[in-house]
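K.L.:
Got a structure for you, questions after.
What follows is calculated from the coordinates using simple rules that are stated; it is not laboratory data. Note that this is a predicted model, so its numbers are computed, not measured. Heads up, the Cβs are rebuilt from the backbone with ideal geometry, glycines too, and the neighbour counts pull from every protein chain shown.
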Amino acid sequence: MPAPETTVAPMISLRNVQKRFGDHFALHDISLDIGAGEFFSLLGPSGCGKTTLLRILAGIEQPTSGSLSIGGDAMAGVPANRRPTNMVFQSYAIFPHLNVEENIGYGLRNMSIPRTEAAARVAEALALVKLDGLGRRNADQLSGGQRQRVALARALVCRPKVLLLDEPLSALDKNLRQDMQSELRALQRAVGITFVFVTHDQEEALAMSDRIAVMNGGRIEQVGQPAEIYDQPATAFVASFVGTLNRLTARVTERGAGHLTVAGVPLHLPAAASGPGAEVTLAVRPETLRLGRDPECDLVLPARVVEVQFLGSIVRTRVDVGGDVISLDSFNRPGSPVPAIGSSAEVSLRSKDVIVTQAP
Amino acid sequence: MTFLNRFAGLRLYAVLFVIFIYGPVLLLPLFSLDTGLYPTFPLKGLTLQHYAEMAANTSMIEALKNSLTVAVIVSALSTTVSIPAALALSRYRLPGAAAVLGFMSLPLLIPSIVIAVALLIILLKFLGVALSLWTVGAGHVLICIPFCMSVLMSRLEGFDPSLEEASRDLGCTGWQTFWRLTLPLAMPGVISSLLMGFVVSFDEFVIAFFLSGTQTTLPIFLFSQLRFPDKLPGVLALGSLILAGSAVLVVLAELLRRRGAKSANPGDI
């Protein structure tokens, strides 16, 4: 899917935003534009500042410095209750003393909307999240997935310009989570609201987002579409955090020219020319590797099979290449035998798929 | 075998423990129904005559009314002033919060006789206020606050903080959040606090003794009646009624607490 154009009138615009808690910098100098109608993910490990950034957008936290505008309006000094944003909390924060309808209608009571219209909007929101008929349920009679839907409906019913979601799927079990991923994506397309989605799960971010900002240590490492982030990681952190990454140690044979050897096999990588040391680390995605000799590949490395995981449609093989254990996935085809542990094998790859990262 | 013996020993201990705590109290209703003038065994006969005497004793009823009035006002007042304080201490990182909390708990540690004398001096010497039920009430608010605070804080600290954030996010001001979310959720704690304040004030003797004027509260009235042996059965009858009343209150409070405990962890899945 094409990413929405973000150069014209971004919905959210952050400029040099910093957040300090005491001596600790939770956010360093964040500048970011998020387009209207985008499904935008903030991806990173815990403690990277993604939730803090989300809370600054919501107005629950105030930035130490920097500016923020939403829908063209500066947000400095605008409290959470007057911002055009609504949030789905990680704990869902369902009000325990109210039933489902009262929870969903909570925000409408502050908007001076006629009673009948408010009731209609609550019913509409219930239908939107597929909870029709459960309006009178008490909060403590809901399952985890239902709570999540109530939290979603409660935020969407206020018709915010931006919906903020703080790891809303992390408390759900795996099957439910995958269903909800596609449902959330479909919902976002249907309502057309900008979604800012916080997650530490890279698969989730890749599957759902128009664009992703990968965060680490209070900084944004890279912003881009899922395919860009995955195929052209800007930093070593992005490369290792997004997707599975195999690491191969290569010896530099001719410094400055990019001539290397991996497991005794020579190869030429101009990207490795600037490496200062005698060794560089090469990163390879599992799906770019082939087991056996592949005519499309220019590089064939000798390997030994150390582990075979049979996963149904996919067979994940772990092989030893010159002392580095790497994994590669192949489809399980009837007739192609599963490799035997301990047997020697060959691994093929194209040198243009190799990512050169900083030498250790 | 040894295990069984030990088990039997524990059971005996438990029975003695219960008798030790509740035995003396249960003697009260027993003697209040006895025809004899003095509370001694063997009992002489069954009668409700003491209850009639009690009802006819207008000064005792007057003292009871005074005590009830003071206790109701004191419990409402000390709970009302404690709610914002408990909210502030449990929600925000205030500088000196520990010191504030320590000072608030002081009335629990200082002997009430000391507080009573100090208040008496302040009221008479510095403020020039005449002693009345109002001064008793003021003293009681002082000693009730630490009880109300501890009950309310333990309730407020159990909240998922994102509930209040969600309320703000959905457009409520701080004040609206308090009325629509915080207070309803804190209600079991508020009711416990009201009961606690009521019981502490109703029962209090020393401060009431020092600070009351011509109108007395029930504990002081009962103490003064002990000089007249023939008044004792009426006192016993009143005591039994109060006992029954407080038993009902305790059961109600416990039921409320259990209902509250069920909704205490709203974020759980």
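K.L.:
Could you pull out which residues in region B:179-217 have an amide N less than 12 Å from a spot 7 Å beyond the Cα of residue B:131, following the Cα-Cβ vector?
P.N.:
B:206-217
K.L.:
Sticking with this one: Across region A:31-96, how large is the tail of the calculated P(r) beyond 18 Å, expressed as a percent of all Cα pairs?
P.N.:
Of all Cα-Cα distances in region A:31-96, 42 percent exceed 18 Å.
K.L.:
Below 13 angstrom from the Cβ of residue B:70, what's the summed charge of the other residues (Lys, Arg +1; Asp, Glu -1)?
P.N.:
Working: positive: B:65; negative: B:62, B:203, B:204.
Overall, the nearby charge balance is -2.
K.L.:
Normalise the Debye intensity by I(0) for region B:161-207, one equal point scatterer per Cα, no solvent, then take log10 at q = 0.16, 0.23 Å⁻¹ and round to two decimals.
P.N.:
-0.56, -0.76
K.L.:
Separate question: Only Lys, Arg, Asp and Glu count, each charged at its Cβ (+1, +1, -1, -1), so figure out the dipole size of the protein assembly as shown about its Cα centre, rounded to 20 debye. Kindly include the intermediate steps, with their values, before the conclusion.
P.N.:
Values: 52 positive and 50 negative charges, 241 e Å.
That gives a dipole near 1160 debye.
K.L.:
Related question: Once a ≥ b ≥ c are taken as the square roots of the eigenvalues of the Cα gyration tensor of the protein assembly as shown, is the result rounded (a/c under 1.5), prolate (a/b larger than b/c) or oblate (a/b not larger than b/c)?
P.N.:
On the way: a/c = 2.90, a/b = 2.35, b/c = 1.23.
Judged from the Cα gyration tensor, the protein assembly as shown comes out prolate (a/c at least 1.5, a/b above b/c).
K.L.:
Testing the spin-label approximation: label points 7 Å from Cα along Cα→Cβ at residue B:248 and residue B:223. State their distance in nm.
P.N.:
Reported label-point gap for residue B:248 and residue B:223 is 2.8 nm.
K.L.:
Further, regarding this structure: Counting only helical runs of four or more DSSP H residues, what would the 222 nm mean residue ellipticity of the protein assembly as shown come to if each run contributes -39,500 (n - 2.57) and the total is spread over all its residues?
P.N.:
On the way: 20 runs with 277 residues, N = 629.
Per the formula, -14000 deg cm²/dmol.
K.L.:
Follow-up. Just tell me the longest site-free run in chain A, where the sites are GluC sites (Glu not before Pro) in a DSSP loop having at most 13 other beta-carbon atoms within 10 Å. Can you show the working numbers first?
P.N.:
Numbers: sites that count: A:5, A:296.
The segment A:6-295 is the longest one with no such site.
K.L.:
Over chain A, calculate the relative contact order: mean separation of alpha carbon pairs under 8 Å at least 6 apart, over the residue count, as a percent. Could the numbers behind the result be given before it?
P.N.:
Numbers: 743 pairs, mean separation 53.7, N = 360.
This gives 15 percent for chain A.
K.L.:
Under a point spin-label approximation (7 Å from Cα along Cα-to-Cβ), what is the residue B:173-residue B:255 distance to one decimal in nm?
P.N.:
3.9
K.L.:
Taking every residue in A:83-90, how many Cβ atoms of other protein chains lie within 10 Å of its Cβ, on average? It would help to have the intermediate numbers written out before the result.
P.N.:
Details: counts 3, 0, 1, 4, 6, 2, 8, 2.
What the average comes to for A:83-90 is 3.
K.L.:
Spin-label point model (7 Å from Cα, Cβ direction): what's the residue A:351 to residue A:306 distance in nm?
P.N.:
2.6
K.L.:
Now a separate question. Looking only at chymotrypsin sites (Phe, Trp or Tyr not before Pro) in DSSP loops with at most 15 other Cβ atoms within 10 Å, what is the longest site-free stretch of chain B?
P.N.:
On the way: sites that count: B:92, B:205.
Answer - B:93-204.
K.L.:
Suppose we keep just the DSSP beta bridges with both residues in the protein assembly as shown; what percent of those would be antiparallel, to 5? Walk me through the numbers before you get to the answer.
P.N.:
Working: 59 of 77 bridges.
Approximately 75 percent, going by the DSSP bridge assignments.
K.L.:
Net charge around residue A:178, counting only other residues with Cβ within less than 13 Å of its Cβ (Lys, Arg = +1; Asp, Glu = -1)?
P.N.:
Details: positive: A:174, A:177, A:185; negative: A:173, A:179, A:183, A:201, A:203, A:204.
Summing Lys/Arg as +1 and Asp/Glu as -1 gives -3.
K.L.:
Let me ask another. In a Debye calculation with equal point scatterers on the alpha-carbon sites of chain A and no solvent, what is log10 I(q)/I(0) at q = 0.07, 0.10, 0.13, 0.15 Å⁻¹?
P.N.:
One equal scatterer on each Cα of chain A leads to -0.41, -0.75, -1.04, -1.22.
K.L.:
Under a no-solvent Debye model with one identical scatterer per Cα of region B:68-216, what's log10 I(q)/I(0) at q = 0.11, 0.12 Å⁻¹?
P.N.:
-0.48, -0.56
K.L.:
Of A:52, B:12, A:163, which is farthest along the charge dipole of the protein assembly as shown in the positive direction, counting Lys and Arg as +1 and Asp and Glu as -1 at C-beta?
P.N.:
Working it through, the farthest residue towards the positive pole turns out to be B:12.
K.L.:
Please identify which residues in region B:16-37 have an amide N closer than 12 Å to a label point set 7 Å out from the Cα of residue B:47, following the Cα→Cβ vector.
P.N.:
Inside the label zone: B:32-37.
K.L.:
May I pose another question? Quick one: longest stretch of chain A between exposed loop trypsin sites (Lys or Arg not before Pro), exposed meaning at most 15 other C-beta atoms within 10 Å and loop per DSSP? Mind showing how you got there, number by number?
P.N.:
On the way: sites that count: A:130, A:136, A:255, A:293, A:350.
Here the longest run is A:1-129.
K.L.:
Using a Gaussian network model on chain A with a 10 Å cutoff between Cα atoms, which of A:224, A:312, A:59 fluctuates the most?
P.N.:
The residue with the greatest mean-square fluctuation here is A:312.
K.L.:
With a 10 Å cut-off between alpha carbons and a GNM built on chain B, which of B:79, B:216, B:47 moves the most?
P.N.:
Among B:79, B:216, B:47, the largest mean-square fluctuation in the Gaussian network model of chain B belongs to B:47.
K.L.:
Just to be sure I understand: with springs between alpha-carbon atoms less than 10 Å apart, which residue in B:112, B:82, B:162 has the highest mean-square fluctuation in the Gaussian network model of chain B?
P.N.:
B:162
K.L.:
Which FRET efficiency, nearest 0.05, do residue A:207 and residue B:154 yield, Cβ-Cβ r, R0 35 Å?
P.N.:
Approximately 0.20, to the nearest 0.05.
K.L.:
Can you classify region B:1-109 as rounded, prolate or oblate using the Cα gyration tensor, where a ≥ b ≥ c are the square roots of its eigenvalues, rounded means a/c under 1.5, and otherwise it's prolate if a/b beats b/c and oblate if not?
P.N.:
Numbers: a/c = 4.33, a/b = 1.30, b/c = 3.34.
It is oblate, given that a/c is not under 1.5 and a/b is not larger than b/c.
K.L.:
Would you work out which of A:319, B:117, A:343 lies farthest towards the positive end of the dipole of the protein assembly as shown, given +1 charges on the beta-carbon of Lys and Arg and -1 on that of Asp and Glu, about the Cα centre?
P.N.:
Towards the positive end, the residue furthest out is B:117.
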